[in-house]
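The values are calculated or read from the model by the stated rules, or taken from the named source; none is laboratory data. For clarity, every value in this text was computed on a predicted model and none was experimentally measured. Neighbour counts are summed over all protein chains in view; Cβ atoms, including those assigned to glycine, are modelled from backbone coordinates with ideal geometry.
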Amino acid sequence: IEKMGLLTRSYAANGGESGRSQVQFVPTERARLLVDDESGQPETAASAEAAGPPEEWQATKAAVMALLQGCRSCGLEALGRMARELHAQKRETEFCAYSVGLLLALIRRAGGTAEEFVRSLAGKAPTGEMGLASLAGAALGAAAQTMSEAGAELAELAGRFLKAIAALPEREKKLVSDFLMEALE
């Protein structure tokens, strides 16, 4: 843990007794940030930067929304373009936003009541993370009925998406979850 930069070693006197000093391990700021992220406590400015500046998040949302415009019956070419842009993303939050866009495009392509189902399910989910997981499941179900040849690739994408969502700090999970609800409007 010390080599990972989560603890620093210090020496302290042995509580008024004579003899050798004791080794004490003290958590670093990095460890505190990690604990704060896991506990859902407010994040510091350093951890908030992980999602990137707010302007970048707004630009990412706008780009994904632009790709989704008119995608009710988008063809495989549009889906391919979204997939290429998805793989080019550096930040996990951006990857998740593009994944939301691609999964929504697949649902829209399937037609029927799939999008309304996802809207209802995501809106009623107890957490944003569960709403995002329901999106992945619904997209896989819709794609399985219409595009069986892409099933393995979609399952891999959905798995990576779910892992990325699970690894995001709570603040970023909320950003992506809010984006899903915005994209479903």
Review point. Restricting attention to segment 45-69, and to residues there that are modelled with pLDDT of 80 or more and not hydrophobic (A, V, I, L, M, F, W, C), which single residue is nearest to Glu185 (Cα to Cα)?
Key: Lys61
**Study point:** Residues located in segment 161-177, provided they are touching a residue at least 24 places away in the same chain (Cβ under 8 Å), under 15 Å from Ser99 (Cβ atoms) and not aromatic (Phe, Trp, Tyr)
**Key:** Leu162, Ala164, Ile165, Ala166, Ala167, Leu168, Glu172, Lys173, Leu175, Val176, Ser177
